[in-house]
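The values are calculated or read from the model by the stated rules, or taken from the named source; none is laboratory data. It should be emphasised that the depicted structure is a prediction, and the values quoted were computed from it without experimental measurement. When we count neighbours, we look across all protein chains shown, and the Cβ atoms used for this are built from the backbone with ideal geometry, even at glycine. SASA here: full protein model, heavy atoms, side chains in, ligands and nucleic acids out. Shrake-Rupley method; radii C 1.70, N 1.55, O 1.52, S 1.80 Å.
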Protein chains: 2
Amino acid sequence: MTYVIGLDYGTNSVRCLIVDTANGNESGTAIYEYETGEAGIILDPADHNLARQNPADYVRGAQVSITKAIAEAQKNDKDFNPDKIIGIGVDATGSTPMPVDKTGTPLSMFDEFKGNPNAYVWLWKDHTSHAEAAEITALAQKDHPEYLAKCGGIYSSEWFFSKILHCLRTDPKVFDNAYSWVECVDYITGFLTDTLRPDIVKRSRCAAGHKAMFNNRWGGLPAKEFLAILNPRLAQLRERLYSESYTVDVPAGMLSDQWAHKLGIPVGIPVAVGAFDCHLGAIGAGVGPGKLVKIIGTSTCDVMVAPVTRDLPDIPGLCGIVDGSVLPGWYGLEAGQSAVGDIFNWFVNYIRPGGKDAGSHQGLTEKAAQLKPGQSGLLALDWNNGNRTILVDQRLTGLLLGQTLHTRPEEIYRALIEATAFGALTIINRLEEYGVKIDEVINCGGIAEKNPLVMQIYADITGREMKVSRSSQTCALGSAMAAAVVAGKASGGHDNFDQAQKAMSGLRDMTYKPDPGNNSVYQDLYKLYRQLHDAFGLESFSGQMSNIMKELLAIKDRANI
Amino acid sequence: MTYVIGLDYGTNSVRCLIVDTANGNESGTAIYEYETGEAGIILDPADHNLARQNPADYVRGAQVSITKAIAEAQKNDKDFNPDKIIGIGVDATGSTPMPVDKTGTPLSMFDEFKGNPNAYVWLWKDHTSHAEAAEITALAQKDHPEYLAKCGGIYSSEWFFSKILHCLRTDPKVFDNAYSWVECVDYITGFLTDTLRPDIVKRSRCAAGHKAMFNNRWGGLPAKEFLAILNPRLAQLRERLYSESYTVDVPAGMLSDQWAHKLGIPVGIPVAVGAFDCHLGAIGAGVGPGKLVKIIGTSTCDVMVAPVTRDLPDIPGLCGIVDGSVLPGWYGLEAGQSAVGDIFNWFVNYIRPGGKDAGSHQGLTEKAAQLKPGQSGLLALDWNNGNRTILVDQRLTGLLLGQTLHTRPEEIYRALIEATAFGALTIINRLEEYGVKIDEVINCGGIAEKNPLVMQIYADITGREMKVSRSSQTCALGSAMAAAVVAGKASGGHDNFDQAQKAMSGLRDMTYKPDPGNNSVYQDLYKLYRQLHDAFGLESFSGQMSNIMKELLAIKDRANI
């Protein structure tokens, strides 16, 4: 009997899961909430685009969460014993890079940079770099369209080089003191295996390929000449970044003696190379050919795989098509919505509708469930945090239309749910338009498990059955599966992900089937959603409304100076 | 020393004002809240378009409010004595018609029709007749464009013939039992002067010209042949309606002995022909050449006068250009916004933002006042109740755009205020585009008096000084001035409205001046507002978004079957 540890570094906390390699049973779990900032995020009240993290929270989070999970497993599972742990896997958010020195130590850990947010971790949802993203996009479109072809045609402000270039421009002291930049996930596998040095830390293929335009076809990262046009110092940095990247079936290294001792688990067990949360989450949910995995949280990540052939076209708006970013040996396809749960949370926590008997998610959901499709006359766009797939544009904003003098909070709440479902349908349509057939949709994440109304609306709007992953912790489970694979069958793990998925993952019995009558109404509504989507989101659209949200943001930026 | 009574029949209550004819001092005032329905309105939970009233509330309202106002004047003003009252004036909402029998008694007062909302008063904001409005518009556009030319080019669902035709179609029993239909305001002057019979009651020029396509140029009401195409029975009804209409300087009759006795005031004093609340309100606020009066309440009414010449063009979207509807001898020009205060009330009372420390108007206003123009990034359309001027389209709905995950209630509240101000600017621009120069803007109504933020935003957005009427009760004051004019100088009143205005009305010292910096930002925002306005509101606009709100309403109508 053997066990693996899966570590899932989320936006606000890290979760540790201890999993039985034979059947996926979850023997122990623990969460550590990051202590820095607001719910783990360093914010700037004057700049809503800024979102940073403290890497010390990651270190402390590993220790506290693993220790607690072990204690829980010992309590819950009489077969469990820390000596039976054979590997560790890690997932994290991204692109979440940080500046480090030559030893791989984050600059934020030096007194000199204490309190300077630019020296900390640039969290995925930091959007300070939208100007740089536009600049990189424009240059690549002109000189190297192939760089963008596999990441949706637009380089995002959420990504690696946008953030580094923005730092170079706005805080040259931090940039100059950074020997290199590492993704959060590589920093974590680095400190666990004592391979933090930027020249030896094993970089995640997932992060490299999806966010840093890394591709072996053109020799890894974008060419020096390309980076030099953006800024000569960025070209100099290239040499101190990396030229190789690794899939999650490769060990990042062996657990260091120091960490093994601290945690009371075997020395020298393998730690798998990391990947982004949703990519390992997709593995934990059972991703495979024809299976779309939707990880629905504050935002969504939509993950598929496709055979590595030369026939697969570029798919505009996808966050990436990267060889080996999900399952080794397959193209990993990533799409996503910039906000889903975050939109519902915004309505409940910021607007706080309903006065004294104020709307909780539960209260609003109960009332919204009484409504029929179309009955409110409302239609919304799900762009409160921009649009990731298919428009890849952070400078888009929300829209609500159809309000009367009788519109009630639950009607708006339902319209917001529907808007995210229309966004989900737009992603499904885009994949299929480009030949990636979807036979099965597997949902995971808290909303998929806990809100049947959301899942039923998704079924009704997409006209597809919505299945739900068995595990509540697919990301951590996927990390644990990577641990089992790097450990290998000989050590009590598995030799590949196919075997690991068969043994360790599964679906719930309960699924959500589309109601044909509801689907019919939603087909009419989707036409209108798509009309708004194209009019406000596409510059080429004849309606020419695409200026409006951007001009409003420009006016807002000027007003906030 | 003489006094006049002004009666102002609003949407939820009637107000009585007792005014000194020499200086406009308000000696006594009283309000009677209508008792029927919800705040005086009979509603249908299954049809948000329906809004009816009980005419018995008008009768009781006259007695109670006048009696109380007299008592208050006796307490407040030692010079006052009921014997010194020399006339009564009346204003009311409209078009607010009701079916009556041959004696002028409303059908709703007969047991046979008790509880049937169609036999009651069809309140101005009843929108059940939108299909009939479209039909009348289409027919007039084809056969008699002159009928529409002076009422904005579109016949509204709020107006006289739309409502009667809808009754004919949906409740023929009520239609057949109606000998005639009278406007609320004519019913009131009728019962006070015992001239209720439909063939003798003096019909208001204001109501006739603005809402019933009445014009002496084509012999009064629309031609029999025209009405016959809509329905032959409507043509038959025409003979039982009216062929003359009267301005507010004409007595509707003399106060009946019965009412004089009941109220304890002189027998035989004149009661002026009535007009709509905002038209007499404009007189009370000091309307005259070059002076736009904005009466800002749940909706707005924007009133001007222009010389009676053949040069004045038709102005698309105005509710009407009617000879004598405001000041006798001048064209009365009416424009308006379908909802202003109602939109703010919707947000506070239906959405109830802010959770337990829930947003009151005051709380939201205080926070919204801290924001700079453009700072929220939000932009709204003020169409929650459709658009009156300049689009004349009830089948339009609200729109809010620019939301992020950080948008707060006070930002939305301010955006809603700004939206109504942009709507106000659109009306001002439309008037000036057609040669009606505006030198002065006088505001009245509760919002104008009590909410400096709204007035400042109106000044900043329109780039014009916002003045405020001295009286808080300009409608009732205007009615009182009509009473003074029909009484005449010989009886202690005034011989014309120019004299009456000079003596009885005025402005407050406080005015709101536009801030040039704010105005500059708002000019940018207005361009975007206008872009949305035209895209969603005009069928001819190249963006072709004008289908969206209407299709949503059609889907909503089907869902609610």
Please give me the summed charge of the neighbours of B:E410: other residues whose Cβ is under 13 Å from its Cβ, Lys and Arg +1, Asp and Glu -1.
+1
Given the -39500 (n - 2.57) contribution per DSSP H run of 4+ residues, what per-residue ellipticity at 222 nm results for the protein assembly as shown, rounded to the nearest 500 deg cm²/dmol?
-12000 deg cm²/dmol
Dipole moment magnitude, nearest 20 debye, the stretch B:223-264 about Cα centre, only Lys, Arg, Asp, Glu C-beta charged
240
Carbon + sulfur, % of accessible area of chain B - ligands and nucleic acids excluded, 1.4 Å
49
What is the extension gain from B:D199 to B:Q523, computed as 0.36 nm multiplied by their sequence separation minus the C-alpha to C-alpha distance, in nm to one decimal?
111.3 nm
List, in order, the whole-Hz ³J(HN,Hα) value for each residue of the stretch A:161-168 obtained from phi through the Karplus relation with A = 6.51, B = -1.76, C = 1.60 and θ = phi - 60°; use x for Gly and Pro.
6, 4, 5, 5, 5, 5, 5, 3
Taking each label point as 7 Å beyond Cα in the direction of the beta carbon, state the distances from B:G115 to the same residue in the other copies, shortest first, in nm.
7.6
May I ask you to report, in nm to one decimal and beginning with the shortest, the distances from A:I31 to the same position in the other copies, taking label points 7 Å along Cα-to-Cβ?
5.0
Other chains' Cβ within 10 Å of A:353-361 residues: what's the mean?
6
How many Å² of accessible surface get buried when A and B come together, counting both sides, probe radius 1.4 Å, rounded to the nearest 100?
5200
Note down the net charge around A:K202, summing +1 for each Lys or Arg and -1 for each Asp or Glu among other residues with Cβ under 13 Å from its Cβ.
-3
Please list B:D47, B:D498, B:D77 in order of solvent-accessible area, largest first, computed with a 1.4 Å probe with all protein chains present.
B:D498, B:D47, B:D77
Unit charges on C-beta of K, R, D, E only; dipole of chain A, Debye:
180
7 Å along Cα→Cβ for the label point: how many nanometres lie between A:K78 and each equivalent label in the other copies, listed shortest first?
10.1
Using a 1.4 Å probe on protein heavy atoms, which residues of the stretch A:376-406 have at least 20 Å² less accessible area in the complex than alone?
A:G377, A:N384, A:T397, A:G398, A:L399, A:L400, A:L401, A:G402, A:Q403, A:T404, A:L405, A:H406
Could you check the spin-label model distance between B:R530 and A:D257? Points 7 Å from the Cα along Cα→Cβ, value in nm.
7.7
The answer for the protein assembly as shown, accessible area per residue at 1.4 Å probe in Å², is 34
Ignoring ligands and nucleic acids, what accessible area does A:K142 show with a 1.4 Å probe (Å², nearest 10)?
150
Mind giving me the FRET efficiency for A:D495 and A:A46? R0 is 56 Å, r the Cβ-Cβ distance, nearest 0.05 is fine.
0.60
Potential lengthening between A:D314 and A:N76 on full extension [0.36 nm per residue; Cα-Cα distance subtracted]:
80.9 nm
